[in-house]
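Below is one structure; the comments refer to it alone.
The values are calculated or read from the model by the stated rules, or taken from the named source; none is laboratory data. Please read these numbers as outputs of a predicted model, since none were measured by experiment. Glycine also receives a Cβ, built like all others from the backbone with ideal geometry; neighbour counts cover every protein chain displayed.
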Amino acid sequence: MGERAEAALVAQRDAPIGGQAVLEGVMMRGVSTWAVAVRKPSPEQVASGRNLEPGEAATGEIEITSFPLVSVLRRHRLLRLPVLRGVVALVESLRIGYEALALSANAQLGEDDKEIAGGAWWGTVGLSIAFAIGLFFLIPVGITSLFKDALPNSIVFVVVEKLIRIAIFLGYLWLISRMHALRRVFEYHGAEHKTISCYEAGLDLTPENAQRFSRLHPRCGTSFLLIVMLVAIVVFAPLGTPAWYWLFLSRIVGIPIVAGLAFEIIKFFGRHRSHRWAQVLMWPGMQLQLLTTREPDATQLAVAIAALQAVLDVERPEDATEEERIGMEVVA
């Protein structure tokens, strides 16, 4: 289905539902519950020892696991302040996301395989965060510092640094979009978006209904990362061009501020998605999602629906009060 056809049906409301694609599955998060649905390998797939190809229909059983969710934001009013609440919510989202990824990875193992230990996963978390900070924050400022004396002022320095950062970010997205091993994850990413949009439109959660929606979503984490890149220009410009070690330190210390501000912006866009001005401002981030999503098939949509239904079996997010929505994940 092409982009023109899939864009014909668009959800107008912003429901308190978030999610994430994992290995052969989807994690969905509501107000008080999060759940993971994973398509386990079929006996034939286990016997052959091969992974499914992109676009190949899966036939294994769907395994669903759900967990209660109580955000730390509900217990501490100080953490609910704008910007700060975004930092806390993102940290909680990272934790849930990596736990969901670990569950999905272990679900793909055979009976004789040893499950991946929790320590190994949290080591992976630390390495991935360090890699992201180095690639998207320290390398751009390091490159710009090499010729900072040739730049007229600090504003130009920051603009050049951010252009390098955005170029690295776009190059990274393009590279991973070409990786064959990630294509099925991107298909589940599209299934997650379509399922959330179907729910936001108030339609019955069926693969046929979900398939009618766009695989792009206003609250996607890909759009959020682009907003982070742009917000960083405003945050770091007033700091000028101090010595390289202060530049490096400022980028590391400033990450929570940048992320918190970006959280507020994308949440604001999500609430006003029906307005033309919001759609125009969201357009660049939406187009980036063409790199990180792929069209899912009915079996993948069934997995995403199973994850969301596991949440809906416990709660009704649309009926949640503002107090209950505190700490709700912003990305879809």
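Worth a mention:
- Close pairs (6 angstrom Cβ cut-off, 6 or more residues apart or separate chains): farther than 22 Å from PRO256 by Cα in region 90-106, part of a helix (DSSP H, G or I) anywhere: ALA102/TRP121
- Within region 152-169, residues that are over 15 Å from VAL234 (Cα atoms) and at pLDDT 90 or above sit with their Cβ atoms under 8 Å from residues that are among the hydroxyl-bearing types (Ser, Thr, Tyr) and buried (at least 16 other Cβ atoms within 10 Å of the Cβ), at 6+ positions apart or across chains, in these pairs: ILE164/THR144.
- Of residues in region 128-151 being aliphatic (A, V, I, L, M) and over 23 Å from CYS220 (Cα atoms), the one surrounded by the fewest Cβ atoms within 10 Å (Cβ to Cβ): ALA150
- Applying the condition of being part of a loop (DSSP other than H, G, I, E, B) and free of Cβ contacts under 8 Å to residues at least 12 places away in the same chain to region 20-50 and asking which residue is nearest to the chain's Cα centre (by Cα) yields ARG50.
- From the list HIS180, HIS193, the one residue that fits, being of a type outside the set (Val, Ile, Thr) and either surrounded by 14 or more Cβ atoms within 10 Å (Cβ to Cβ) or at pLDDT 90 or above (or both), is HIS193.
- LEU78 falls short on exactly one of the conditions (1) part of a helix (DSSP H, G or I); (2) in contact with a Leu (Cβ under 8 Å, 6 or more places away or on another chain); (3) surrounded by 15 or more Cβ atoms within 10 Å (Cβ to Cβ), and that condition is (3).
- Condition met for VAL234 (hydrophobic (A, V, I, L, M, F, W, C), part of a helix (DSSP H, G or I) and at pLDDT 90 or above): no
- Members of region 52-73 that are in a helix (DSSP H, G or I) and buried (at least 16 other Cβ atoms within 10 Å of the Cβ): LEU73
- From the list SER154, SER214, the lone residue that is surrounded by fewer than 24 Cβ atoms within 10 Å (Cβ to Cβ) and touching a helix residue (DSSP H, G or I) at 6+ places or on another chain (Cβ under 6 Å) is SER214.
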